[in-house]
Amino acid sequence: MTSSPMTVSTTNAKDWIGRSETVSDTVTPTPYAALSATLDRPAERPAAGTPLPPLWHWLYFLPLHRQSEIGPDGHARRGGFLPPVPLPRRMWAGSQFEFHSPLRVGDALTRTSTIHDVTEKSGRTGPLVFVKVRHEIRRAGETDVALTEFHDIVYREAATPQDAPPEPQPAPADAAWETRWVPDDVLLFRYSALTFNGHRIHYDRRYVTGVEGYPGLIVHGPLIATLLLDLLRHRLPEAEVASFRFKAARPTFDINPFSVCGTPLADGKTVHLWAKDHEGWLTMDATAVLT
C-alpha cells in the first residue's frame, strides 16, 4: 500500500525538525529610525543604549538570500533551512514571544533558529502544513536568552475559483483605543524593504491577484502585529511587555482601510489587542501581558 503524495511530503518535511541555524547582527540605529518614519513617528536616529520597542527585532537578522536562490513567489526556494513543503501558498499564521530582557541599540546579538515542529492538517481548501520555528536571541557572549519567539508558518494549496472565503468573525466592540490605517502601496513597500521581504503578495499586484487569487495586496501580518504593540506603547508609554502572542484570523488587503484596537483587562496586567477590517471583521487577535 502506498502513501499519498501529501503524506510522503509531510513525512519528509518532518525530517527537518531539530534543524537549526545561528546568525549574528548588530542593532544599528538607521533601521529603527526608518521604521519610526514608516509608522509616521519621529525619525531621529536613536542613541546607543535606546531600548528596541517590542517586535522591532524583525528589522535585524534579515534573510540575505542571493537573487538566484529566490523562488517564483519572491521567497527563497524551498529546502534550505525551512522544509521543502510542496504547497504553493505560504503565510505567517501567528507568533508567540517572551521578552526576558530588553534589546538595545548598539547590542551585538546572535539568533539561533530551530525547526520546532511540522504538522499536517486538513482545511476548507485542502491540506495545510504548519511549520513552527523557535528563535532564541542572545547578546553576543552571553548564555541567557533575551527574547524567545515562536513563529507559525502555514502552507496551503493554490486558490481555485470554487474556494469559499473563510467564515468572518466579528471583531470585539469594546475597544478602549482605536487607530485607523490606510495601507497604501508605499507603506507596504517600505515595510517589505525594511524587513528585506521579497514575498510578492505584499507589493506585486499583478502576481497577488492573477497567481494567488487575492483581491489586492496583502498587508504583512508582522506589520499589523507591530502596529498593535505600537498602539499599546503610545497609549501606555511606561508599560513593559513581558509576553505577546498573536494569531491571524483573516487576510487584510490594501484596497480598504483597517483599524488596530485594544483594551486593558481588569487584572491590570493583560491587554487584549486586535485588528479589524473596514467591515468590522476580525483580522488579527492578540494578547499582551505586562510586567
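A few comments on the model shown:
- Within the range 243-280, tally of residues that are open to solvent by less than 30 Å² (accessible area, probe 1.4 Å) and within 18 Å of the chain's Cα centre (by Cα): 13
- Answer residue from the range 83-107, given it is in a strand (DSSP E or B) and open to solvent by 50 Å² or more (accessible area, probe 1.4 Å) and is modelled with the lowest pLDDT among those: Trp92
The values are calculated or read from the model by the stated rules, or taken from the named source; none is laboratory data. If you're wondering where the values come from, they're calculated on a predicted model, not measured in any experiment. Quick note on the areas: whole protein, heavy atoms, side chains included, nothing else; ligands and nucleic acids left out. Shrake-Rupley method; radii C 1.70, N 1.55, O 1.52, S 1.80 Å.
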